[in-house]
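The values are calculated or read from the model by the stated rules, or taken from the named source; none is laboratory data. On a predicted model such as this, the values are computed, not experimentally measured, just so you know. Using ideal geometry, Cβ is built from the backbone for each residue, glycine included, and neighbour counts are taken over all protein chains shown. To get the accessible areas, we keep the full protein, side chains included, count just its heavy atoms, and leave off ligands, DNA and RNA. Shrake-Rupley method; radii C 1.70, N 1.55, O 1.52, S 1.80 Å.
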Amino acid sequence: MKAKKQVYFGIFLASLATLMYELLLTRIFSVTTWYHFAFLAISMAMFGTTMGAIIVYLAPDRFTPENTAKYQSWSILAFAVSAILAILIHISVPAFLPLDSATVIVASLFVAVPCLLIAFTLSSICISLTLTRYPDETHKLYAADFIGAAVGCALIVLSLQFIDGIAAVYLIASVAALSALCFSYKTGDKKLKIAALAVSLITASYVGYNAYLAAQDKPVISLSWSKGVKEKLVLFEKWNCFSRIRVFGEPEALRKPLEFGYSRLLPEVRIRQLWLDMDGCAAAILYRFTGDLKEFDFFKYDISNFAYAVIKGGNALVIGVGGGKDILAAMALGEKTVTGVEINNNTVATVNGRYGDYTGHLDKMPGVKIVCDEARSYITRSPEKYDTIQATLVDTWAASSSGAFALTESSLYTVDAWKTFLEHLSDTGILTMTRWYSKYVPSEIYRLVGLANSSLKSIGIENPRQHIVLVRVMNSELGESLHAEDGLGTILVSRQPFTPEKLAEIDKLSKELGFELALSPTMSIDPNLALAAEGKIGEVEKTVPFNLKPSTDDCPFFFQTLNPLQIFNQSIYAGGRTANNINSAVALLLVLVTVSFFTFYCFRLPILRTKDKSLLKGSLPLFTYFFSIGIGFMLIELSQIQRFSITLGHPIYALSVVLFTLFLATGLGSLSFGKLVELVGDRLHMLLIAALVVTAIFGLATPALVHALAPQSTPIRIAASIVSLFPVGFVLGLGFPAGMRLGNRHNQQLTPWLWGINGAASVLGSVLSVVLSMFLGITVSYCCGFAFYAIALYCCLKLEKSQVSSI
């Protein structure tokens, strides 16, 4: 069979739509559920990419060459419809289940995952048929497949700037229907062509109509619940590729400030305020500000602002502007200038634009500058020295579109990041961060103090404990609270040792403001705090069942304190915020076990259902080859997304630069396969040797490259990242067409199954990459990807030898 240009357009659009849908699911599920549930659901749904290939393999009498175009068209058209239905069912389930939030989340996913599995299976049938029915053009079609995926990465970023997540589903359906129209060219089936055209036009029209209504805050369909709870009093929402923010509340109602973080000395205050949150959590407050800073004098009783009592009249930098509360607090408490750095452009636009009159246009206040950038990247490039660098409860709760596969890594809480922060402090400056202080085991605080010790040592401080102070307030002192099981701890880290005079002042201020001094160079309320401040984290780990080692850029999972050896220790699930993070890490390990089970049956099931077992003779190296390049590709791809997210400094760049570059380069590598084969002949293993050499060089050079790019401007960092990533993607694109050529020589009937094995291995690799990075580091994950490609090379050599001997 020869592929017409319509087939190339078809697979390009099919891959584009499928990749967009996968990325969009991470966005939608991050709003409706918690990120570990999103990870589980999408991992299960992605097995549809394998099921479709297995169905094609097991039903050769149905999927004949004569009706290939028909099934290509109908399957991708059915994907377009089922993609919409799956999301509508998912967001509608809670309306029929007036239960607790956890039950609602589980029930909605329980219903949605089978629907999503069907959708991805239908897409996979189309792509599998396309990649296996034109053996002489597999490398070109595979190139179109990956180039389509690359464009999908860029298109999801662009589309979510203008439309919401639900409308984006209809946009994807429109693209998928256009794919069906392309495939239907050869069928002669007018009904099929009319159906594909109708679905594409109707869904595209809906996107435009909904965008018009959404601009008036009246979308046709919108999310009405998040995290299992029905949303109330929502005034505004806005999406982008890594968040969905909403503003809610009663603008003119007088209310008490949010209780957690304030001491018991907080006076009776009533103030107008609104809520702003991201993905149904990570809440911030928009205070009504009319220009009178004295109205916010009560902020001094908020423990996150304690540094402003210690250093007055300085130049402050706030990481994570949110609703503007920390900016307002710094100015109200006497700071001379405040620079706020906020990563989310929608948050900045909402606070200073749409609700600028409500918040008092903080960006226009004298001495205030608000920057939309990633804080670490901005500080690295900044020539300024700051008297205070502050971050209050800056979390990574949501799964960004660069993958739920990223989970909770954060580049702000690593030794490398804190070294940068400390180097940008003035001589008497203070780095201050506020985190949850669990009344059970304050493992997060222990790790924070240990992180401070390691960071101080990295800038040459010999006795770090002299530079660390910790104050706390426990919410149990305040009675009923939103998070009564936890308190807050605020750490002060100084480049200069705290003098006896300064410590006496801090002790006095703590008592005056109602805070408790928990750690200083001369005292500690908890022996483990003293050990952590002295860098003896190993001693602390002997007393508590958690992993407390300071996080680094190679293992930036600050929030994940699970020690896998303690997984059956019931005390780690005691409660509080720490337990939530532990539960997510345990869920990840359960996902790995589940995905491994399904991957095994992607091998086992076709073997059991194959009637003619002679087809399988000598196929083990072939199966191992496709498994190895599938899992190896994902390990290398995801480890580089994690590493370059730090370099590029923004989730949008991680998606649009790293993923786009890798996919585009992989497609171009596959496109070049035919020319390269002319050079190497039947020695396909030479292409894999080239892949191993390039990935080895890249793996060794990446850490130094990341460090060298840190102080450069954003355009230079993007350009350098593209140049360095492109060769890796290019050589990785040679593995699949080389394998398909070996497979066609061995037995062409097996090729759909080989595609399925590759898909199953990719799903397993996406989970395994996170597990390896979280517990062993990004470098280990990358090296494992390299090792799997080495295994693929061995299998290639065996296959070449056996095929030569058979001739």
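Given a Förster distance of 30 angstrom, what is the FRET efficiency for residue 198 paired with residue 161, based on the Cβ-Cβ distance and rounded to 0.05?
0.60
What is the Cα centroid distance between the range 11-66 and the range 735-807, reported in whole angstrom?
20
Which value, in debye to the nearest 20, gives the size of the charge dipole of the chain about its Cα centre, when Lys and Arg are +1 and Asp and Glu are -1 at the Cβ?
I would put it at about 2380 debye.
My understanding is that a pair violates if its Cα-Cα distance is over 28 Å; which of 617/675; 5/798; 369/439; 227/325; 385/542; 325/549 do that in this structure?
617/675; 5/798; 369/439; 385/542; 325/549
Thinking of the range 547-596 as a set of Cα atoms, what percent of all their pairs are more than 15 Å apart?
49
Explain nothing, just the number: relative contact order of the chain, from Cα pairs under 8 Å at least 6 residues apart, as a whole percent.
Once divided by the residue count of the chain, the mean separation gives 15 percent.
How much length, in nm to one decimal, is gained on full extension between residue 601 and residue 290, taken as 0.36 nm per residue of separation minus their Cα-Cα distance?
105.6 nm
Listed highest first by mean packing, meaning other Cβ atoms within 10 Å per residue, what order do 785-795, 762-772 come in?
Order by mean packing, descending: 762-772, 785-795.
Using only alpha carbon pairs under 8 Å that are at least six residues apart, calculate the relative contact order of the range 500-580 and give it in whole percent.
For the range 500-580, the relative contact order is 15 percent.
Mind jotting down a quarter of the surface of the convex hull over the alpha carbons of the range 102-231, in square nanometres, one decimal?
If you wrap the Cα atoms of the range 102-231 in a convex hull and average its projections, you get 10.0 nm².
Would you tally the net charge around residue 419, using a Cβ to Cβ cut-off of less than 12 Å, leaving residue 419 out, and scoring K and R as +1, D and E as -1?
With Lys, Arg at +1 and Asp, Glu at -1, the net is 0.
Per the 1.4 Å probe, what fraction of the accessible area of the chain, in percent, lies on carbon and sulfur atoms?
63
Distance between Cα centroids, the range 441-472 to the range 227-291: provide it in whole Å.
Answer, in whole Å: 32.
Looking at 355, 98, 535, which one has the Cα that reaches farthest to the positive end of the dipole of the chain (charges on Cβ: Lys, Arg +1; Asp, Glu -1)?
Result: 98.
Considering only DSSP beta bridges whose two residues both sit in the chain, what percent are antiparallel, to the nearest 5?
70
Checking the cross-link filter: which aspartates and glutamates have an alpha carbon closer than 18 Å to that of residue 508, excluding same-chain neighbours under 8 positions apart?
The qualifying aspartates and glutamates are 302, 516.
Using Cα-Cα distances under 8 Å and only pairs 6 or more residues apart, what relative contact order does the range 108-236 have, in percent?
Relative contact order comes out at 18 percent.
Run the dipole for the range 73-199 about the Cα centre, Lys and Arg Cβ at +1, Asp and Glu Cβ at -1, nothing else charged, and hand back the magnitude in debye, nearest 20.
Magnitude of the dipole: close to 440 debye.
For the range 565-625 and the range 496-516, what is the separation of their C-alpha centers, rounded to whole Å?
The range 565-625 and the range 496-516 have Cα centres spaced 52 Å from each other.
Enter the accessible area of residue 351 (Å², nearest 10), with the probe set to 1.4 Å and all protein chains included.
Counting only protein heavy atoms, the figure is 0 Å².
With charges only on Cβ, +1 for K and R and -1 for D and E, what is the dipole size of the range 600-712 about its Cα centre, in debye, rounded to 20?
Dipole of the range 600-712, to the nearest 20 debye: 460 debye.
What do you get when you divide the Cα radius of gyration of the range 521-677 by 2.2 N^0.38 Å, with N the number of residues?
Normalised Cα radius of gyration, the range 521-677: 1.53.
Order the peptides 51-63, 68-80, 608-620, 744-756 from the highest to the lowest mean number of other Cβ atoms within 10 Å of their residues.
68-80, 744-756, 51-63, 608-620
7 Å from Cα along Cα→Cβ at both residue 270 and residue 103: what's the point-to-point distance in nm?
My value for the distance between the label points is 3.8 nm.
Straight distance only, please: which lysines reach the Cα of residue 230 with their own Cα at less than 23 Å, same-chain residues fewer than 8 apart left out?
Partners found: 218, 238.
Positive end of the dipole of the chain, charges at C-beta (+1 Lys, Arg; -1 Asp, Glu), about the Cα centre: which of 776, 17, 198 has its Cα farthest in that direction?
So the residue furthest toward the plus end is 198.
With a probe of 1.4 Å, find how much accessible area the chain has per residue, and write the answer as a whole number in Å².
37
What spacing in nm lies between the two simple spin-label points modelled at residue 613 and residue 509, each 7 Å away from Cα in the Cβ direction?
Going by the 7 Å Cα→Cβ label model, 7.8 nm.
The range 275-348: which chymotrypsin sites (Phe, Trp or Tyr not before Pro) are DSSP loop and have at most 11 other beta-carbon atoms within 10 angstrom?
Listed in order of number, the matching sites amount to none.
Taking the Cβ of residue 737 as the center, what net charge do the other residues with Cβ under 12 Å away carry, scoring Lys and Arg +1 and Asp and Glu -1?
Here the count lands on 0.
Taking 0.36 nm per residue of separation and subtracting the Cα-Cα distance, what length does fully extending residue 357 through residue 213 add?
The residue 357-residue 213 span can extend by a further 49.5 nm.
With each label point set 7 Å from Cα along the Cα-Cβ vector, what nm distance links residue 568 and residue 716?
Output for this residue pair reads 5.5 nm.
If each residue of separation counts as 0.36 nm, what is the full-extension length gain between residue 539 and residue 67 once their alpha-carbon separation is subtracted?
163.1 nm
Give me the net charge of residue 94's neighbourhood, meaning all other residues with Cβ under 15 Å from the Cβ of residue 94; Lys, Arg count +1, Asp, Glu -1.
Around residue 94, the surrounding residues sum to +1.
Work the Kirkwood hydrodynamic radius out for the range 2-104: mean of 1/r over every pair of different alpha-carbon atoms, inverted, in Å.
16.0
Can you tell me what the convex hull of the Cα atoms of the chain projects to on average, as an area in nm²?
The directionally averaged projection comes out at 33.6 nm².
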